[in-house]
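A short write-up of the structure that comes next.
The values are calculated or read from the model by the stated rules, or taken from the named source; none is laboratory data. Remember, it's a predicted structure, so these values are computed and weren't measured experimentally. Neighbour counts are summed over all protein chains in view; Cβ atoms, including those assigned to glycine, are modelled from backbone coordinates with ideal geometry.
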């Protein structure tokens with residue numbers, strides 16, 4: 001980031017904090033509700049964005065995150081409902097995510113199917129399978145994950161409720177931001193991952209097994225999307241319904257691009273997108289403004305289009321050089 | 001049949017067989033009989049004149065949707081926006097269909113179709129123009145436009161264009177006038193004939209015109225096309241506009257020929273099936289017709305299958321996904337058939353989100 005950009009960022013943050021403070025003093029409960037909703041919506045997007053990021057850093061586009069969310073949410077819900085354990089359900093969701101990541105890798109890396117088509121296959125398969133096996137009579141007898149207060153931190157006004165009185169998977173996601181950041185930018189694995197995404201030929205020359213690492217990364221990244229599915233079914237909603245991922249797997253891709261394929265950048269973008277979602281829900285609840293809900297509902301998608309268009313214009317948001325290209329050992 | 005045609009047909013055909021076989025395993029897992037289920041499926045789609053009509057009606061938007069994907073494919077672009085384009089076409093065709101009365105059919109019906117087509121062309125062209133001018137990847141943009149179109153058509157059918165007859169509370173438009181209704185000739189809906197004509201036109205344009213040559217050049221190698229003087233940006237924008245128009249016509253035919261109105265939520269998912277159709281047809285405009293007929297038949301027979309064999313109709317979606325998988329990863333089938341590897345058969349779309 002250039003110094004001017006950094007200054008701009010800090011200025012923006014300061015302005016935002018002032019606005020939030022003003023709103024909070026005007027209407028406390030409502031501001032808290034919107035910001036809590038922001039974090040809730042951002043968690044899923046951040047997980048999806050991290051999944052996409054690890055794939056893209058390795059040179060594999062993952063457009064199947066939507067399907068990974070959906071099928072993992074289904075697995076998490078079904079297993080949690082069968083075993084009566086949210087923890088088992090979460091594990092099942094992660095497992096299903098890993099399996100779908102492996103499927104994507106098998107197609108895109110192993111069979112050299114066009115990466116976009118491979119992801120589309122996942123999306124359509126997930127929608128079909130979950131609709132076919134969906135059992136309406138199932139429910140979570142024990143309810144969904146509940147909030148855990150992080151000791152005295154939870155008592156801080158506003159910030160405490162928004163960040164430190166959350167259910168477990170939200171905390172796990174926040175921790176994963178640090179893990180993925182360190183792994184990507186401070187570890188040998190991360191260096192190799194970025195190398196195979198930028199110049200697989202060169203990476204190959206120095207002895208990195210490009211295809212194997214891509215296989216591994218896309219599979220592992222699937223686990224993050226799987227956690228996202230678990231979060232969706234067991235923490236955010238508490239049930240499963242048809243097509244419940246509702247396009248957020250695609251939004252996660254925009255979040256990833258907007259966040260420059262870095263975990264914290266993606267989280268900031270996710271908070272922004274989450275904010276538009278939370279605002280929309282709040283509008284619908286109390287009819288503050290006379291805007292039809294459909295137009296508020298369009299907002300995140302219109303914003304995404306603008307972001308993607310701008311990211312094409314702004315040269316600094318550069319794709320990994322070998323993104324989308326299947327690697328053929330020369 | 002020449003050898004090359006045989007090779008082209010073999011993979012989709014085997015993919016369908018494999019999809020049905022795995023589907024049979026799923027049916028068994030639900031304690032039902034695959035033979036009963038598949039018999040019911042075929043009878044439900046071909047058994048009598050009504051069944052044939054249903055199949056052709058189901059196949060119609062699939063042909064349009066398949067063409068919408070295949071046409072963009074030829075220029076190297078992936079149009080996942082069929083859903084939104086279809087909705088936009090459906091709502092604007094219905095809008096003109098019910099909003100104007102007193103016109104003779106020869107004017108009103110083409111006008112309603114045209115309204116849908118133009119709206120769809122703008123919707124699709126938007127994604128193409130953004131791609132050409134900013135490099136925004138059409139996959140992301142068209143997916144986002146799907147959601148925007150969903151919201152926009154919801155709003156239109158729930159507010160300004162709402163059906164206020166009786167005590168209707170559903171988000172839907174009034175019924176279209178008779179003069180804007182697409183007729184049926186026996187068991188053949190006229191909309192289906194339009195779809196077949198559109199497929200033939202697409203083939204002619206792509207294979208026999210200069211414009212089609214330019215489109216295919218851009219699809220094969222964008223840089224080479226640029227160097228040879230083809231206006232790549234214009235080709236990308238216009239191809240997406242044509243694609244949007246095609247998908248929108250599918251929606252318009254649904255509104256004017258099948259549903260008789262636009263109703264929010266009725267056509268959900270229909271636009272995505274075009275992807276399966278186009279891949280099954282290996283992006284060949286003429287191949288789209290048999291592919292759509294096949295899937296249309298399964299959809300027409302699905303409810304009979306549920307009734308007779310107790311199999312959830314969503315099985316059809318699973319089978320479609322399987323077929324798509326086998327077509328997209330032909331290596332498995334080639335291994336089964338002991339076919340030689342031929343890279344020209346692999347569908348390739350290319351890279352990243354930003355630059356072209």
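Given the conditions (1) in contact (Cβ under 8 Å) with a residue 60 or more places away in the chain; (2) over 19 Å from the mean Cα position of the chain (by Cα), which single one is not true for residue B:119?
Only one criterion in (1) in contact (Cβ under 8 Å) with a residue 60 or more places away in the chain; (2) over 19 Å from the mean Cα position of the chain (by Cα) is unmet by residue B:119, namely (2).
For residue A:221, state whether it is within 14 Å of chain B (Cβ to nearest Cβ), part of a helix (DSSP H, G or I) and modelled with pLDDT of 90 or more.
Details: within 14 Å of chain B (Cβ to nearest Cβ): no; part of a helix (DSSP H, G or I): yes; modelled with pLDDT of 90 or more: yes.
For residue A:221, the condition - within 14 Å of chain B (Cβ to nearest Cβ), part of a helix (DSSP H, G or I) and modelled with pLDDT of 90 or more - is not met.
Kindly indicate which of A:65, A:94, A:116 is at the interface with chain B (Cβ under 9 Å from one of its Cβ atoms) and either in contact (Cβ under 8 Å) with a residue 12 or more places away in the chain or under 19 Å from residue A:244 (Cβ atoms) (or both).
Unique residue meeting the criteria: A:116.
Please go through (1) modelled with pLDDT of 90 or more; (2) within 30 Å of residue B:238 (Cα to Cα) for residue B:8 and return the number of the only condition it doesn't satisfy.
So the condition that residue B:8 fails would be (1).
Which condition number does residue A:330 fail, the rest of (1) within 12 Å of another protein chain (Cβ to nearest Cβ); (2) under 30 Å from residue A:185 (Cβ atoms); (3) at pLDDT below 80; (4) surrounded by fewer than 24 Cβ atoms within 10 Å (Cβ to Cβ) being met?
With respect to (1) within 12 Å of another protein chain (Cβ to nearest Cβ); (2) under 30 Å from residue A:185 (Cβ atoms); (3) at pLDDT below 80; (4) surrounded by fewer than 24 Cβ atoms within 10 Å (Cβ to Cβ), residue A:330 is out only on (1).
Considering each residue of region A:245-279, count those that are closer than 24 Å to residue A:135 by Cβ and either at pLDDT 90 or above or crowded, with 20+ Cβ neighbours inside 10 Å (or both), and give that number.
3
Just for region B:115-138: of the residues that are facing chain A (nearest Cβ under 10 Å), assigned to a helix (DSSP H, G or I) and out of contact with any helix residue (DSSP H, G or I) (no Cβ under 6 Å at 6 or more places or on another chain), which one is surrounded by the most Cβ atoms within 10 Å (Cβ to Cβ)?
The selected residue is B:126.
Hey, can you tell me all the residues within region B:213-231 that are in contact (Cβ under 8 Å) with a residue 60 or more places away in the chain and surrounded by 17 or more Cβ atoms within 10 Å (Cβ to Cβ)?
B:215, B:218, B:219, B:222
Which condition number in (1) touching a strand residue (DSSP E or B) at 6+ places or on another chain (Cβ under 9 Å); (2) surrounded by fewer than 21 Cβ atoms within 10 Å (Cβ to Cβ) is the one that residue A:151 fails?
(1)
Can you name the residue in region A:107-139 that is outside any helix (DSSP H, G or I) and in contact with a helix residue (DSSP H, G or I) (Cβ under 6 Å, 6 or more places away or on another chain) and, of all such residues, is surrounded by the fewest Cβ atoms within 10 Å (Cβ to Cβ)? Can you show your working first?
Of region A:107-139, the ones outside any helix (DSSP H, G or I) are A:111-114, A:134-139.
The next check asks that each one be in contact with a helix residue (DSSP H, G or I) (Cβ under 6 Å, 6 or more places away or on another chain); those that pass are A:111, A:113, A:138.
On the way: A:111: 17, A:113: 25, A:138: 14.
My answer is A:138.
Could you say which residue among B:280, B:249 is under 13 Å from residue B:68 (Cα atoms) and in contact with a helix residue (DSSP H, G or I) (Cβ under 7 Å, 6 or more places away or on another chain)? Before you say what the answer is, go through the steps one by one.
On the way: B:280 fails: under 13 Å from residue B:68 (Cα atoms).
From the options B:280, B:249, the qualifying one is B:249.
Taking into account only those residues within region B:268-287 that are buried (at least 24 other Cβ atoms within 10 Å of the Cβ) and farther than 18 Å from residue A:114 by Cβ, which is nearest to the other protein chains (Cβ to nearest Cβ)?
So the first thing to find is which residues in region B:268-287 are buried (at least 24 other Cβ atoms within 10 Å of the Cβ), and the list is B:271, B:273-281, B:285.
The next check asks that each one be farther than 18 Å from residue A:114 by Cβ; those that pass are B:271, B:273, B:285.
Details: B:271: 12, B:273: 9, B:285: 19 Å.
Of everything passing the filter in region B:268-287, B:273 is nearest to the other protein chains (Cβ to nearest Cβ).
Somewhere in region B:100-108, is a residue away from chain A (no Cβ under 12 Å) and at positive phi?
yes
Would region A:94-105 turn up any residue that is more than 18 Å from the chain's Cα centre (by Cα) and crowded, with 24+ Cβ neighbours inside 10 Å?
There is at least one residue in region A:94-105 that is more than 18 Å from the chain's Cα centre (by Cα) and crowded, with 24+ Cβ neighbours inside 10 Å.
Would you confirm, using the coordinates I've provided, whether residue A:162 is part of a helix (DSSP H, G or I) and without any contact (Cβ under 8 Å) to a residue 60 or more places away in the chain?
No, not satisfied.
Would you mind stating whether residue A:140 is out of contact with any strand residue (DSSP E or B) (no Cβ under 6 Å at 6 or more places or on another chain), more than 14 Å from every other protein chain (Cβ to nearest Cβ) and at pLDDT below 90?
yes
Considering only region A:292-327, state which residues are modelled with pLDDT of 75 or more, more than 7 Å from chain B (Cβ to nearest Cβ) and part of a loop (DSSP other than H, G, I, E, B).
Answer for region A:292-327, where residues must be modelled with pLDDT of 75 or more, more than 7 Å from chain B (Cβ to nearest Cβ) and part of a loop (DSSP other than H, G, I, E, B): A:320, A:321, A:322, A:326, A:327.
To keep it simple, each residue is scored yes or no on (1) in contact with a helix residue (DSSP H, G or I) (Cβ under 6 Å, 6 or more places away or on another chain); (2) surrounded by 20 or more Cβ atoms within 10 Å (Cβ to Cβ); (3) in contact (Cβ under 8 Å) with a residue 12 or more places away in the chain.
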position: B:5; (1), (2), (3): no, no, no
position: B:10; (1), (2), (3): no, no, yes
position: B:31; (1), (2), (3): no, no, no
position: B:41; (1), (2), (3): yes, yes, yes
position: B:55; (1), (2), (3): yes, yes, yes
position: B:58; (1), (2), (3): yes, yes, yes
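Is it the case, given these coordinates, that residue B:46 is surrounded by fewer than 22 Cβ atoms within 10 Å (Cβ to Cβ) and over 18 Å from the mean Cα position of the chain (by Cα)?
Here the answer is yes, as residue B:46 does meet what is asked.
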